[in-house]
Amino acid sequence: MDFGGLELWALALAMGITLFAGTIKGALGFAMPMIMISAFPGFMTVELALAGLILPTLVTNLSQAFRQGVDEAIGSVRKYWRMMTAIAVFLVISAQLLPYMPERLMLGLLGGPIVAFAVVQLLGIPLRIRVERRRRAEWGLGMIGGLYGGVSGVWGPPLIVYLLSTGAEPREMVRVQGVVFLMGAVVLLGAHLQSGVLNASSIPFSALLVLPAALGMWLGYRIQDRLDAARFRRWTLVLLVLTGLNLLRRAVIG
């Protein structure tokens, strides 16, 4: 079977990276695609890297979204439907424009504000979105997330910024991320089946990575269950800083 034309050592390395990324996602609810898309292009094409993360992202988000049950997941859909709609629409648009969009510029414009937001929060300066502004914030941050998601496979940071700014508790944060990321993963799957990124060569590679991703999620859940709210928020902000710095790195050096 053709796994994207990769040699055995590259497949093993990809599986190890995915195991680590799945563990982080299980613990904090996000960052798996970011870790994969950051590491994979060092030994494979960007197109194969993007294809590789699609099926693991879909499967792990199914688990994350429904971990507290169907009713809780449906409640999250009802509460955050505006952001989900905006992400879905703009993810499809940007996925089709992938060859023409200035990716480095977009990543830089996203990475800077994310780092600034997370650092300010870590310094103890609270930033909160007022109740009367939350609808506009959902639409706006959802549009931003969708635009970047189709280009890079990473659409989580704007959502996490929103959840942190509204004071969502840890279980809700992780569940909502799972629900929104699941919707985005389904859209991304369809978009890149159409764009050709997912094809007869790359689909087996992506399917293979589901196994280490699922194992990583199981390990991460065990860590998540031991974190109190304060530590969960602190580690989420630390990871958000690293995510933003990585986006800036990609903007500068590719």
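Values quoted throughout were computed directly from the atomic coordinates according to the rules given, and no laboratory measurement underlies them. The model shown is predicted, which means the values in this text are computed figures rather than measured ones. All Cβ positions, glycine included, derive from the backbone under ideal geometry; neighbour counts span all protein chains shown.
What the table shows:
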quantity	calculated
Charge sum, other residues only, whose C-beta stays under 11 Å from ALA168's C-beta, Lys/Arg counted +1 and Asp/Glu -1	+2
Two-site FRET efficiency, VAL238 against VAL77, from Cβ-Cβ distance with R₀ of 30 Å, rounded to 0.05	0.55
Three-way shape label, the range 8-47, alpha-carbon gyration tensor, a/c 1.5	oblate
Helical contribution to [θ] at 222 nm, DSSP H n ≥ 4, -39,500 (n - 2.57), averaged over the chain, rounded to 500	-26000 deg cm²/dmol
Dipole of the chain [Lys/Arg +1, Asp/Glu -1 at C-beta], most positive-end residue of ALA118, GLY190, PHE43	ALA118
Pairwise centroid distance, computed over Cα atoms, of the range 182-240 with the range 49-103, Å	11 Å
Relative packing of 54-61, 21-28, which averages over residues the other C-beta atoms within 10 Å, highest first	21-28, 54-61
Tilt relative to the chain, helix 156-165 - C-alpha long axis, 0 to 90 degrees, to 10	10 degrees
Between 0 and 90°, nearest 10: helix 229-253 axis offset from the chain longest Cα axis	50 degrees
Charge dipole magnitude, Cβ of K and R +1, D and E -1 - the range 26-126, Cα centre, debye nearest 20	200 debye
Cα shape, the range 212-254, gyration tensor, a/c 1.5 rule	oblate
Cα gyration tensor shape for the range 8-253, rounded if a/c is under 1.5, else prolate or oblate	rounded
